[in-house]
Amino acid sequence: MEHLWIAIVLAAAALQTARNAGQKHLGGRMSALAAAWTRFGFGLPFAAGYLAWAMWRFDLPFPPLGPAFLVPAALAAALQVSATVLLVVLFRLRNFAAGSTYVRSETIFAAVLGALVFGEAISPGGWIAIAVSVAGVLLLSAVRSGLGAGPARGAAALGAFASPSAGVGLAAGAGFALASFFIRRASLSFEHPNFAWTAAATLVVVLALQTLALGAVVLVVRPGDFRAIARAWRPALFVGATGAFGSMGWFTAMTIQRVAYVKALAQVEFLFALAVSILFFGERPSRREYAGMALVAAGIAVLLLFAE
C-alpha cells in the first residue's frame, strides 16, 4: 500500500493524456469554455457512479459535508475553474506548446507552497527530483514551441518569461497547484482511513460545483454551445469518462501522498504525450527532445528512489 500512489498517478496521467487529445478534438467544434465544460458535465455521472460503488463496496454512507470539507472543496473548485479559464486565455495569446511551458510551473508552485504554507516537508531527494524533471519538461516544451534551437531563440525563450502571457501562464500554474492542496485538505477533513471513499466524495462535490459554475458561464456567454455539445455527445462522453477516471486517480493520489510528489511524478504525462505523437503521428524527436525526456525520466527515478 505504501507505493500504491505511484501506480495511481501513472494511470491518471495516461487517462489525462487521452482526455487532452479528446478535448483538442472538441476544441475545433465548439468554444474552449464549452469544451472544458464537457470534462465536468459529462464526467460527473461517472464520478457519482464511482462514489456509489465505494459506498456499496465498503458499506459506508454519503459523508457529512460540514464547513471543514465544504470550504476547501469550494475553493478547489473555484481555483480549478479559474485556472482553466486562464489557460484558455493563455492558449489564445501563445501557441499550445509555449503555453504549456508556463503552466508546468505548477510543479514548482506545489513544492514551494507545500513547504512554506501547507507544512508538507520535502526531502533533499524530492527537491532534486522536482528540479530535474521540471528542467526536462521546460526543455521539451521549448523545443515543441520552436524556441529550442540556437542562441537567438534561447534569448527569445528567456525574454518570453517577461511577457504578459507569462503572467497569465504562471497564474494558471499557481491556481492548479493551490487547488490541489485544497482538494487534499477537503478529502482529509473526513478523518477516515478509507481514502477511496473520501476521495470519491470530494471528487463528486468538486465536479458538481464546477459543472454548475462553468455551465452558468457558458449559458450566459455562449448559450448556443450547448447545441454543439449535444451534437458532439460521443467525443464529449469520451472526454468526460477519461477526465472523471483520471480525476479519481489524482484525487486519490493526493489523499495518500504529498501534493508536490504527486505533481512531480505526474510529469510522466509529458512522456506519454510524446509517445502518442511518435507512435500514432509518426513524429521523430530531436536530440533536444531526447535530452528533455531523459531529464524527466531521471527526475522521476530520483523521486521514486530517494524522495521521502
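The values are calculated or read from the model by the stated rules, or taken from the named source; none is laboratory data. If you're wondering where the values come from, they're calculated on a predicted model, not measured in any experiment. Quick reminder, even Gly has a Cβ in these numbers, built from the backbone with ideal geometry, and neighbours come from all protein chains shown. Heavy atoms of the whole protein, side chains included, go into the accessibility calculation; ligands, DNA and RNA do not. Shrake-Rupley method; radii C 1.70, N 1.55, O 1.52, S 1.80 Å.
For this structure, a couple of remarks:
- Residues satisfying the stated conditions in the stretch 212-245, i.e. of a type in the set (Gly, Ala, Ser) and either touching a residue at least 12 places away in the same chain (Cβ under 8 Å) or within 24 Å of THR17 (Cβ to Cβ) (or both): ALA213, GLY215, ALA228, ALA232, ALA236, GLY240, ALA241, GLY243, ALA244
- Helices (runs of 4 or more DSSP H) contained in the stretch 199-308 and holding at least 1 residues over 28 Å from LEU116 (Cα atoms) and open to solvent by 10 Å² or more (accessible area, probe 1.4 Å): 225-231, 233-256, 268-281, 287-306
- Count - residues of the stretch 51-77 that are open to solvent by 50 Å² or more (accessible area, probe 1.4 Å), of a type in the set (Phe, Trp, Tyr) and closer than 12 Å to VAL205 by Cβ: 1
- Exactly one residue among PHE46, PHE40 is closer than 17 Å to ILE229 by Cα and either in a helix (DSSP H, G or I) or more than 15 Å from the chain's Cα centre (by Cα) (or both), and that residue is PHE40.
- The stretch 3-30 - residue that is surrounded by fewer than 18 Cβ atoms within 10 Å (Cβ to Cβ) and not in a helix (DSSP H, G or I) and, of those, modelled with the lowest pLDDT: GLY28
- The C-beta contact set for the stretch 60-71 (first residue touching a residue at least 12 places away in the same chain (Cβ under 8 Å) and among the small types (Gly, Ala, Ser), second residue surrounded by 15 or more Cβ atoms within 10 Å (Cβ to Cβ) and part of a loop (DSSP other than H, G, I, E, B), distance under 7 angstrom, 6+ apart or interchain) comprises ALA68/SER189.
- Here THR252 clears all of (1) within 26 Å of GLU120 (Cβ to Cβ); (2) more than 19 Å from the chain's Cα centre (by Cα) except the condition numbered (2).
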